[in-house]
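The values are calculated or read from the model by the stated rules, or taken from the named source; none is laboratory data. Since this is a predicted model, take the numbers as computed values, not measurements. Glycine also receives a Cβ, built like all others from the backbone with ideal geometry; neighbour counts cover every protein chain displayed.
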Amino acid sequence: MPLLGGSVAVNYAIGQRILRLAAAGRQRPARRWLVAGVAANLGLLGWFKYADFLLGTLAPGAAPLGIVLPLGISFFTFQQIMFLVDSAQGERTDSGLLPYACFVTFFPHLIAGPIVRPREIIPQFMARGVGIPCADNLSVGLTLFLLGLAKKLVLADGFAPLADVGFNAAAHGETLTLVEAWYAVLAYALQIYFDFSGYSDMAIGLARMLNVRFPLNFNSPYQARNISDFWQRWHITLSRFLRDYLYIPLGGSRCGAMRRTGNLMATMLLGGLWHGAGWCFVLWGGLHGLYLIIHHAARRAGVRVPGGRALTLLAVIVAWVPFRAATLEATLAMLRGMAGLNGLALPQMIVGAMPALAAIATPLPVLRFLGDARTLSFPEASALLALGWGIALLLPNVHAFSERARSLTLVGGFAFTLQALFFAPKVAPFLYFQF
Amino acid sequence: MRSLAGACLASLVLYGALFGAVLDRPLALGFLAQQIEARLARAGAVESPKLVILAGSNGAYSHRCETIEPIVGRPCVNGGIAVGIGLDYLFARWQAVLRPGDAVYLPMEEAQYVRSRSATETGPDAAIMLRHDRATLASLPDRWAGAFFAFDLRALLMSLIERALVTGGFHDPRAAVTGTSNAWGDHVGHTPTLGAASQPVLATMTPQHPSAAQVRDGYGTALIARFLRWARAHGVVAIGGWPTGFADAPLPEDEVAAIRAVYAATGAGFLELPNRSRYPRAAFFDTPDHLSEPWQIAHSVALAAALELALARSTATARTD
């Protein structure tokens, strides 16, 4: 609380200073204050989030500092950098401390976003009627909240054990066969999507109940036509921040092909590092940077890649491996399994039902790293993944649902949500809380 | 708001109707239910005084009534099914078939003492009760909510899959992989050959022991103590015992004392073999709770001799009283 309160007060003071200087036409001192403010925010984030990572990289073997990451710092730091930049660019008016503090600390988005622009939200806090119950907004907001909660508790937490078994095995140096590795990665891709988009829907719903509208954060990203389209659908508010407050200030695509390539890669590497202090996150960002560079090069050359949707999905799924794996070694172990280098094993019951499979697969009573390794784990995991991918690939997102479709979805999911909320053996925390 | 409330209510009604009356899991839960009913049927059919072994799967895999029965000279029923079966459900079912003079041997797994209330409420018996055994459910009001909400998305999918498998003539491979049950309720056929694949895992496994405080405060401990009081009040002889486990991973002494105290507090006996039911890792089938068949028989022979003495003592005490 003191950190958050202090950060809000200092940033507001700097923002006001920048605004006054910019309004008076004193661009150079305004810019100096902007640089100082952004540096202070990044310094604070860097200390809490990256000090141990840097220490471990520069001085391997040194005792870690054991710094505890304050909840939501990655998100409220970006919010405040936006405020400072918008102040320097004259894209906001003086709103007073209270609306600004509300903008940063508004509870639905404080911990894990969406990352919203000051000009999108502060005017809403200053408008009449904010927080006063409105039946329509209450109803729509509560519906979105419940649908988001269902995504998290019923779907994301349902896929978590499948993903955890495979990735934990890889982290412990176990050998995963083709099906075990792919099932774990496919489950994680669904877990993180339903977890984070569920959280975003809950945040949007909560804000709506208080008559505040947040921008959309996920728009069926696994239905993307290409990797650029994916980033316009996945964590949209972060993509927007990285584009407007990093990529474009770095020069964007205005300074030639080489510079554009470098800017793109730098943006994605930093985007990866923002998610966590570790080389696996850097690798994830680097892979997406590479995908985007290849995509832009292909587009400029007029090359049309057949099966772009499937290729994009495959690329995104492969990139989730380092994002989830505990180490680079575990990443390689998982990729080896996915490439089939550890062979293909299938449950005896499947090979027995389809004897032709015996030619390519080793029959085993159970697959050790598939779900809870029971006789029926394979059909159970297969059905669960089929359902999850069916939802992710075939249905529109809940914001595009008609009112009737939302009601029907609630009829199907509300009881399962209550079941998971009160009777599930364990509830996993939101994945993005760790970032 | 009214349509929102209506949708939520409709969801609960649909969920209750589906899982209460339509969907079922004939392979997973049907198998467990059939095992429970077969053992209870035998217990109801044999004459008293009888000996009943109650535990989790340790009861079935590591103890053999077929071996114990001729040594102790009374009918024996192995009521051990699975560690996940709620103890309140287990005891409620067995109380109905226990008569004065019967004896119950309880080599409960450590996990059964410390199993939480929430885990107990949503164990497989919750689904079995809601779908097939509402009489027992009616007698356990604490379990009503848990039984209603015992079904997650996986349960929905697996109900459909298991129904399809059964309809399609699915051959259940479990017997070929782990063995099967005999008429006494013992697990049989879990030979060292079948268990060979698990030996590398057993060799490196590190068993976790609960603390003495966890045992003392455990929800399972409270349920066991309640059953022991019931047994005493109804003339049923209850005798505690150790579950099987690795010889190189003995129970900590404070945990040993905590478990003994559960039985001592209600005046129940506690039977200890010289080895405290600990065996080398190579003696186990697939977990530290499951001896392989030859060791199951050897353990049962040693146990039967000790049980015979303990039962004779308790009978003499009862006559004196």
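Before moving on, here are some points about what is shown:
- Applying a threshold of 6 Å to beta carbon distances and a minimum spacing of six or more residues, or different chains, the list of pairs starting in the stretch B:47-62 at a residue that is closer than 18 Å to B:Gln95 by Cα and ending at one that is among the hydroxyl-bearing types (Ser, Thr, Tyr) and modelled with pLDDT of 95 or more reads B:Ile53/B:Tyr105.
- Candidates A:Leu328, A:Leu344, A:Leu418, A:Leu385, filtered to the one that is within 18 Å of A:Gly198 (Cβ to Cβ) and touching a residue at least 24 places away in the same chain (Cβ under 8 Å): A:Leu385
- Unique residue being within 21 Å of the chain's Cα centre (by Cα), closer than 29 Å to B:Val177 by Cα and not hydrophobic (A, V, I, L, M, F, W, C) when the list is B:Pro288, B:Pro280: B:Pro288
- Some residue of the stretch B:190-198 being over 30 Å from B:Pro100 (Cα atoms), more than 14 Å from chain A (Cβ to nearest Cβ), touching a Ser or Thr at 6+ places or on another chain (Cβ under 7 Å) and in contact (Cβ under 8 Å) with a residue 12 or more places away in the chain: yes
- Residue within the stretch A:88-99 that is of a type outside the set (Ser, Thr, Tyr), free of Cβ contacts under 8 Å to residues at least 60 places away in the same chain and in a helix (DSSP H, G or I) present: yes
- Looking across the stretch A:178-189, just one residue is touching a Lys or Arg at 6+ places or on another chain (Cβ under 9 Å) and β-branched (Val, Ile, Thr), and that is A:Val185.
- Meets criteria (modelled with pLDDT under 95 and either surrounded by fewer than 21 Cβ atoms within 10 Å (Cβ to Cβ) or over 18 Å from B:Leu51 (Cβ atoms) (or both)) for B:Gly218: no
- A:Phe378 meets each of the listed conditions (1) touching a strand residue (DSSP E or B) at 6+ places or on another chain (Cβ under 8 Å); (2) over 19 Å from A:Leu186 (Cβ atoms) apart from (2).
- B:Ala43 being more than 12 Å from the chain's Cα centre (by Cα), buried (at least 22 other Cβ atoms within 10 Å of the Cβ), away from chain A (no Cβ under 14 Å) and assigned to a helix (DSSP H, G or I): yes
Quick grid of which residues meet (1) crowded, with 21+ Cβ neighbours inside 10 Å; (2) closer than 25 Å to A:Ile248 by Cα:
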| position | (1), (2) |
| --- | --- |
| A:Asn263 | yes, yes |
| A:Ala266 | no, yes |
| A:Gly285 | yes, yes |
| A:Leu290 | no, yes |
| A:Thr312 | yes, yes |
| A:Val321 | yes, no |
| A:Thr327 | no, no |
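- Top-ranked residue of the stretch B:46-74 - restricted to ones that are polar (S, T, N, Q) and either within 30 Å of B:Leu165 (Cβ to Cβ) or modelled with pLDDT of 95 or more (or both), ranked as nearest to the chain's Cα centre (by Cα): B:Ser57
- Considering the conditions (1) among the polar types (S, T, N, Q); (2) in a helix (DSSP H, G or I); (3) surrounded by fewer than 22 Cβ atoms within 10 Å (Cβ to Cβ), A:Thr175 is excluded by exactly one of them, (2).
- Taken across the stretch B:292-307, residues that are assigned to a loop (DSSP other than H, G, I, E, B) and either touching a residue at least 12 places away in the same chain (Cβ under 8 Å) or surrounded by fewer than 19 Cβ atoms within 10 Å (Cβ to Cβ) (or both) do occur, with at least one present.
- Condition met for B:Ala203 (without any contact (Cβ under 8 Å) to a residue 40 or more places away in the chain and either loosely packed, with under 15 Cβ neighbours inside 10 Å or assigned to a helix (DSSP H, G or I) (or both)): no
- Subset of the stretch A:222-260 (residues that are among the aliphatic types (A, V, I, L, M), over 16 Å from the mean Cα position of the chain (by Cα) and assigned to a loop (DSSP other than H, G, I, E, B)): A:Ile248, A:Leu250
- Taken over the stretch B:95-133, the criterion of being away from every other protein chain (no Cβ under 14 Å), crowded, with 21+ Cβ neighbours inside 10 Å and not in a helix (DSSP H, G or I) is satisfied by B:Leu98, B:Asp102, B:Ala103, B:Val104, B:Tyr105, B:Leu106, B:Pro107, B:Met108, B:Glu109.
- Residues that are more than 8 Å from chain B (Cβ to nearest Cβ) and within 18 Å of the chain's Cα centre (by Cα) within the stretch A:151-163 comprise A:Lys151, A:Lys152, A:Leu153, A:Ala156, A:Asp157, A:Phe159, A:Ala160, A:Ala163, listed in sequence order.
- Remark: pairs (first residue in the stretch B:86-109, farther than 21 Å from B:Ala304 by Cα and touching a residue at least 40 places away in the same chain (Cβ under 8 Å); second residue among the aliphatic types (A, V, I, L, M) and in a strand (DSSP E or B); Cβ separation under 9 Å; 6+ apart in sequence or on different chains) = B:Trp94/B:Val52; B:Trp94/B:Val104; B:Val97/B:Val52; B:Val97/B:Val77.
- Of everything in the stretch B:152-170 that is of a type outside the set (D, E, K, R) and at the interface with another protein chain (Cβ under 7 Å from one of its Cβ atoms), the residue that is farthest from B:Gly20 (Cα to Cα) is B:Ile161.
- Subset of the stretch B:308-321 that is among the hydroxyl-bearing types (Ser, Thr, Tyr) and exposed (fewer than 12 other Cβ atoms within 10 Å of the Cβ) - its residue that is modelled with the highest pLDDT: B:Thr317
- B:Thr287 satisfies every condition listed in (1) over 24 Å from B:Val188 (Cα atoms); (2) at pLDDT below 95 except (1).
- In this entry, A:Leu393 is excluded by the filter for residues that are in contact with a strand residue (DSSP E or B) (Cβ under 8 Å, 6 or more places away or on another chain) and more than 10 Å from every other protein chain (Cβ to nearest Cβ).
- Count of residues meeting criterion [part of a loop (DSSP other than H, G, I, E, B) and without any contact (Cβ under 8 Å) to a residue 40 or more places away in the chain] in the stretch B:134-189: 6
- Apart from one condition, A:Gly413 fits all of (1) surrounded by fewer than 18 Cβ atoms within 10 Å (Cβ to Cβ); (2) farther than 26 Å from A:Gly173 by Cα; (3) within 14 Å of chain B (Cβ to nearest Cβ); (4) not aromatic (Phe, Trp, Tyr); the exception is (1).
- Screening B:Ala33 with (1) closer than 30 Å to A:Leu138 by Cα; (2) of a type outside the set (Phe, Trp, Tyr); (3) away from chain A (no Cβ under 14 Å) gives one miss only, at (1).
- When residues of the stretch A:355-379 are limited to those that are within 13 Å of chain B (Cβ to nearest Cβ) and aliphatic (A, V, I, L, M), the one farthest from A:Ala170 (Cα to Cα): A:Leu376
- Within the set A:Leu58, A:Leu69, the sole residue that is over 24 Å from A:Gln27 (Cβ atoms) and loosely packed, with under 13 Cβ neighbours inside 10 Å turns out to be A:Leu58.
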